[in-house]
Amino acid sequence: MADSQAQVNTSGNKDDFRKFVEVEVLKIIQQLAEKGDTPKERIQAIAHTTLELVKPEMTLQEMYQNAVKLDDQYSELSPVVYKLMKEYEEKYSQKAIEMVSHLIKNGQYNEAQDMVKKVLMFKITN
């Protein structure tokens, strides 16, 4: 299915990120509505929660932190959260590892330690 190949745009543009989340959730809502097994109220609640968790005025980091909570109440949204977390791991964890490695090679141990702490704090809060 082509939908599973959708790329998360986390290059720093919060509007693209928000639109990606909204489109992916809409795809799931459409599938749920077509199957007819999910009550209309639940579908509306999924849409409402998505719009509440990922608002245009939020920073990209806030959107990401909220978007990974989408499946807390609605397991149907797990595929969206999976895509977001996978992209984060592939893109940002690797970048952080490279940065820490570079700092250590240059003898900047305190900076490397600070970077590791920041990454771990971010992972703990998510």
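The values are calculated or read from the model by the stated rules, or taken from the named source; none is laboratory data. All values reported here derive from a predicted model rather than from experimental measurement. Cβ atoms come from the backbone with ideal geometry, glycine included; neighbour counts cover every protein chain shown.
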Test: residue in region 61-81 that is modelled with pLDDT under 85 and exposed (fewer than 15 other Cβ atoms within 10 Å of the Cβ): yes
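Can you confirm whether Leu53 is under 20 Å from Met121 (Cα atoms) and either free of Cβ contacts under 8 Å to residues at least 12 places away in the same chain or in contact with a helix residue (DSSP H, G or I) (Cβ under 6 Å, 6 or more places away or on another chain) (or both)? Quick ask: steps written out before the conclusion?
Values: under 20 Å from Met121 (Cα atoms): no; either free of Cβ contacts under 8 Å to residues at least 12 places away in the same chain or in contact with a helix residue (DSSP H, G or I) (Cβ under 6 Å, 6 or more places away or on another chain) (or both): yes.
No: the conditions fail for Leu53.
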Any hit, region 97-111, residues being surrounded by 12 or more Cβ atoms within 10 Å (Cβ to Cβ) and in contact with a Leu (Cβ under 7 Å, 6 or more places away or on another chain): yes
